[in-house]
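Asks: What follows is a structure written as structure tokens; I'll ask about it next.
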Ligand code: DGJ
């Protein structure tokens, strides 16, 4: 392998592969100066250094350095108060009571084996190299190690920082960002994804304003309000044009990704733990590790940026055990029966699952002691004796005897005030003294920073999983955190609780997924309230939204697809009228919206299944037959207008191309529309299934494919129609002739 990281004698560092180069140097003053992040360079150590300004007024010059101000110097890990006035990556209180730190280069090393972060999820190494730069504040003996990893095969780099207090006095950290990226002056836009429950992943694009744009969370979860993903785009970037810089985090708690347009039009990207309400006491001799940040680069628009993320997440983030494993089709009891579940009903639904040909029955909420609605019982993870007299292991065995897999729902991090657990351990919740704890969905959050809480949860879940008949766990989490404090921490460490919670959660997930490597875990937080790479490090898939209306789901999946491969998503055919927005749609379109999700299923009552049985059987047979296709392929957004969406999915061997077209509202006398496919072999022939049509790859890409018309009245021969009126969909399947 050719070196991915090179260093010059005068300390310029270059991380470079076929997709990108990342270059920085040590200045004469000992400051790490950023030089380039972008397209791959053939001679990356030789990039022009930015100017130093010679005549300026008002500017401060850096600690004795003539003509040198940090305000206009792109840096790798900026601090505050030594001539840079922008928001800093590192900020804290030292033994003198002030907040001035000055980090200077001390040494570096390169390692071939990517170090795993202690207590935090981190991307797997593989064919990669990691550069570790040590910076130090000489006065207060604060050492910071910056970690940079580049992979041979990915358009992504990883960064994190590790603090060590080498002094004799405590240092209090307030900003401890994982990464800082000072992009040069330019005309930029920001792309980010915001939302709320059942309306996750709305894409917003705005011109980078003067000042600071912040996407963050202080809710204890990474949140549906602002997903921890922000891309800085060359203004006007499209799917296939423009420089794009994406940033995300392997972290599931309070985060911040900010982009600051400075007085000289540069763009500073900071990513890490949200500094708001964060405070960490770093005792002498102690370390603090930040979560890992990831930056991806595409010089050819958003499509390529998404491809980089998708390949990287599959190869380096989600559990390897499930990487190439087709997901089971399933029937989930939630929208079929809600809390009205008992052993007989579950077994009846299992029979229905067999009739419609799915692989797995998932018992969602409602199975544990006293849980007949959402006011009670979270925390008491034993089967309700009246409704499940045989217990879960026996039920699981009965379901499996029908030839199905068995899955079960938990919401481990929560407790209802009405529960045996809360009665016994009222101090196990996140809370602050002498204040009433706010409820969310009638529940409180357990204090996962505590090892006794972690052990309790491990033992409760283990008691069920150890029967050996559980194939899948849906791990839910249905509230944001309030009154965040821990009875197990002293007064002066209360503001560490949120991050300690995450460390506790990751520890518990690590223990469980290590003990049960073959159990497929699905991450859920009222849908997408914690849909991030931190959770995906332990759980190969996630429930992206409680919104199952297919039209609403188009923007949710389309938005999420900018970062996430659809391998990590699950989708089911839910009821119509939809229970969240009342929209009536066909079974076909309800299935189609999730057609490219790896895990596909049904959550319908027995009566609904009966009404639509033939269609449901057909779609589940299709889902089963294509389960292997929906792993590891390439997803592309090929059309998006106010009224249409088209997505393309190409199987990993390139032999089959699926093109899903959605037409939202019908209207008379519409224009003829086309979709242009992407990434085909221009000289290969593709056969359109269920037709006698064959097209050359270049024709499908350059000339495009006519989209079906919404059928109204008499049909013209030779025209392809969709029969649903509003909310129509159509799936094209092209097979490569020599495939
Ligand atoms: C919220 C989840 O998102 C739903 O799918 C379902 O599991 C409910 N919780 C159960 O309470």
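Only the coordinates and a few stated rules stand behind these numbers; no lab work does. What you are looking at is a predicted structure, and each value in this text was computed from that prediction instead of being measured. All Cβ positions, glycine included, derive from the backbone under ideal geometry; neighbour counts span all protein chains shown.
Asks: Count the DSSP beta bridges whose two residues both fall in the chain, then state the antiparallel fraction as a percent rounded to the nearest 5.
Replies: Here the antiparallel bridges make up roughly 80 percent for the chain.
Asks: Let me know the volume per residue of the alpha-carbon convex hull for segment 491-580, in Å³.
Replies: Values: hull volume 11.4 nm³, N = 90.
In segment 491-580, the Cα convex hull volume per residue is 126 Å³.
Asks: Please give, to one decimal in nm, the separation of the simple spin-label points placed at residue 738 and residue 514, each 7 Å out from Cα toward the Cβ.
Replies: Label at residue 738, label at residue 514, 5.0 nm between them.
Asks: To continue, here is another question. Report the rotationally averaged projected area of segment 328-630 based on its alpha-carbon convex hull, in square nanometres. Walk me through the numbers before you get to the answer.
Replies: Numbers: hull surface 60.5 nm².
It is 15.1 nm².
Asks: Helix 343-356: angle to the longest alpha-carbon principal axis of the chain, degrees 0 to 90, nearest 10?
Replies: Approximately 80 degrees, to the nearest ten.
Asks: Just round it to a whole percent: the fraction of Cα-Cα distances in segment 376-517 exceeding 26 Å.
Replies: 28 percent
Asks: Normalising by the residue count of segment 328-630, find the relative contact order in percent from Cα pairs under 8 Å and 6+ residues apart. Before the final figure, lay out each step's value.
Replies: On the way: 565 pairs, mean separation 54.7, N = 303.
So the answer I get is 18 percent.
Asks: Tell me, what are the semi-axes, in whole angstrom and largest first, of the equivalent ellipsoid of segment 43-99 as set by the roots of 5 times the Cα gyration tensor eigenvalues?
Replies: One finds semi-axes of 24, 17, 9 Å for segment 43-99.
Asks: Go ahead and run the numbers for FRET between residue 581 and residue 439, Cβ-Cβ distance against an R0 of 22 Å, rounding to 0.05.
Replies: After rounding to 0.05, the efficiency reads 0.30.
Asks: Given 10 Å bins starting at zero, what is the percent of C-alpha pairs of segment 352-456 in each, up to the one with the largest pair distance?
Replies: Answer for segment 352-456: a P(r) of 14, 38, 28, 15, 5, 1 percent.
Asks: Which whole-number percentage describes the relative contact order of segment 303-364, with Cα contacts under 8 Å and a sequence gap of 6 or more?
Replies: Value for segment 303-364: 38 percent.
Asks: Given labels modelled 7 Å from the Cα in the Cβ direction, how far is it in nm from residue 107 to residue 196?
Replies: Inter-label distance under the simple model: 5.4 nm.
Asks: Taking 0.36 nm per residue of sequence separation and subtracting the Cα-Cα distance, how much length would be gained by fully extending the chain between residue 170 and residue 43, in nm to one decimal?
Replies: Residue separation times 0.36 nm, minus the Cα-Cα distance, leaves 41.3 nm.
Asks: So, one more: Provide the FRET efficiency to the nearest 0.05 for the residue 320-residue 119 pair, computing r from the beta carbons and using R0 = 30 Å.
Replies: So, using R0 = 30 Å, E works out to roughly 0.90.
Asks: Which ordering of 148, 68 is given by a fewest-first count of other beta-carbon atoms within 10 Å?
Replies: 68, 148
Asks: Relative to the longest principal axis of the C-alpha atoms of the chain, give the angle of the C-alpha long axis of helix 497-515, reported between 0 and 90° and rounded to the nearest 10°.
Replies: Once rounded, the angle reads 50 degrees.
Asks: Turning to a different aspect of this structure: Hey, fewest Cβ within 10 Å first, where do 622, 672 land in order?
Replies: 672, 622
Asks: Mind sorting 348, 628 by how few other Cβ atoms lie within 10 Å of their own Cβ, fewest first? It would help to have the intermediate numbers written out before the result.
Replies: Details: 348 13, 628 16.
Taking fewest neighbouring Cβ atoms as first place, the list is 348, 628.
Asks: Hey, another quick one. Looking at segment 328-630, send over the antiparallel percent of its DSSP beta bridges, to the nearest 5.
Replies: Bridges in segment 328-630 that DSSP calls antiparallel: roughly 20 percent.
Asks: Now for a separate question. Enter the angle in degrees (range 0 to 90, nearest 10) between the Cα long axis of helix 613-625 and the first principal axis of the Cα atoms of the chain, meaning the one along which they spread out most.
Replies: 40 degrees
Asks: Moving on. Compute the relative contact order of the chain as a whole-number percentage, counting only Cα pairs closer than 8 Å that sit 6 or more residues apart in sequence.
Replies: For the chain, the relative contact order is 10 percent.
Asks: Please give the length that would be gained between residue 462 and residue 279 if that part of the chain were fully extended, namely 0.36 nm times their separation in residues minus their C-alpha to C-alpha distance (nm, one decimal).
Replies: Values: separation 183, 0.36 × 183 = 65.88 nm, distance 3.43 nm.
Full extension from residue 462 to residue 279 adds 62.4 nm.
Asks: Rounded to two decimals, what is the ratio between the C-alpha radius of gyration of segment 596-739 and 2.2 N^0.38 Å? List each step's numbers first, then the result.
Replies: Working: Rg = 16.2 Å, N = 144, 2.2 N^0.38 = 14.5 Å.
Cα Rg divided by the expected 2.2 N^0.38 Å: 1.12.
Asks: Quick one, what does Rg over Rh come out to for the chain if you take C-alpha atoms and the Kirkwood Rh? Let's see the in-between values first.
Replies: Details: Rg = 26.9 Å, Rh = 27.3 Å.
Expressed as Rg/Rh, it is 0.99.
Asks: Right, here's the next one. Calculated FRET efficiency, residue 372 and residue 432, Cβ-Cβ r, R0 25 Å, to nearest 0.05?
Replies: Efficiency at R0 = 25 Å is approximately 0.20.
Asks: By how many nm would the segment from residue 340 to residue 57 grow when fully extended, if each residue of separation counts as 0.36 nm and the alpha-carbon distance is taken off?
Replies: Using 0.36 nm per residue and subtracting the Cα-Cα distance, I get 94.6 nm.
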